[in-house]
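Okay, so here's the structure we're looking at.
The values are calculated or read from the model by the stated rules, or taken from the named source; none is laboratory data. All values derive from a computational prediction rather than experimental measurement. A quick note on method: Cβ atoms are made from the backbone with ideal geometry, for glycine too, and the neighbour counts reach across all protein chains shown. Keep in mind that these areas ignore ligands, DNA and RNA; they rest on the heavy atoms of the full protein, side chains included. Shrake-Rupley method; radii C 1.70, N 1.55, O 1.52, S 1.80 Å.
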Amino acid sequence: ESRRNNMGNPTRTDTEPLVDKGQFAPLSQGSGSGDVFMNAKWQINANGLVVLPYDIEFGLNVFGRQGYPFAPYRAVARGADAMRVLVTPEIDTYRLPDVWNTDLRFARQWRVAKTTVQVIGDVFNLFNANTELVRNRNAEPDRGDTSGRPGSQYRVISQNLSPRILRIGLRVGF
């Protein structure tokens, strides 16, 4: 049986892969995060806070999720329009690496008369993971290249996890 998209076309594209019971992975739109298929089969977020001696607060947050699908495509001219033809068997044949991020927080508060002063230290991306989040999926050859091999921009990282950041803050309440 021949499968066809909603326009009756049998061509597999990156937004309509025409795979029965295949992975559903909507392409991001308007989020500013790039050309990303928003799909993970698992995700976890765990956090906790404990108050240590001397009223020092210690907080920890751990976030992890499966890497999003990486679905290479090639643009094919179709009259005045172009269609992005999927070049893998399924949307999630390949996936980007799993994302893991750990954030840490220390805080200490003092009361002076009717005023409270709190010193806060946050470390985001504690282990300085440099996980790739978005790669160029366009497998088109460079202009003028007749080899048929993907071009020089194919698989180039366009977004990765932000580096480790230390934030120190002071909060005064009165």
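With respect to Gly67, is the statement that it is at pLDDT 90 or above, open to solvent by less than 40 Å² (accessible area, probe 1.4 Å) and assigned to a strand (DSSP E or B) true?
no
Would you confirm, using the coordinates I've provided, whether Leu126 is more than 30 Å from Asp14 (Cβ to Cβ), touching a residue at least 12 places away in the same chain (Cβ under 8 Å) and not in a strand (DSSP E or B)?
yes
Please find, within region 70-86, the residue that is farthest from the chain's Cα centre (by Cα) out of those that are hydrophobic (A, V, I, L, M, F, W, C), assigned to a loop (DSSP other than H, G, I, E, B) and within 19 Å of Ser158 (Cβ to Cβ).
Applying the filter and picking the extreme gives Ala71.
From Leu166, Leu126, Leu60, Leu104, grab the single residue that is exposed (fewer than 14 other Cβ atoms within 10 Å of the Cβ) and either modelled with pLDDT of 95 or more or among the charged types (D, E, K, R) (or both).
The unique qualifying residue is Leu166.
Would you be able to say whether some residue in region 100-108 is assigned to a loop (DSSP other than H, G, I, E, B) and over 30 Å from Gly148 (Cβ atoms)?
Checked region 100-108: no residue is assigned to a loop (DSSP other than H, G, I, E, B) and over 30 Å from Gly148 (Cβ atoms).
Scan region 129-163 for residues that are in a loop (DSSP other than H, G, I, E, B) and open to solvent by less than 40 Å² (accessible area, probe 1.4 Å) and report the count.
8
Condition check: more than 22 Å from Thr11 (Cα to Cα), modelled with pLDDT under 95 and out of contact with any His (no Cβ under 8 Å at 6 or more places or on another chain). Does Thr146 satisfy that?
The answer is yes for Thr146.
Test of understanding: among Asp55, Asp35, which residue is under 19 Å from Val119 (Cα atoms) and of a type in the set (D, E, K, R)?
Exactly one of Asp55, Asp35 is under 19 Å from Val119 (Cα atoms) and of a type in the set (D, E, K, R), namely Asp55.
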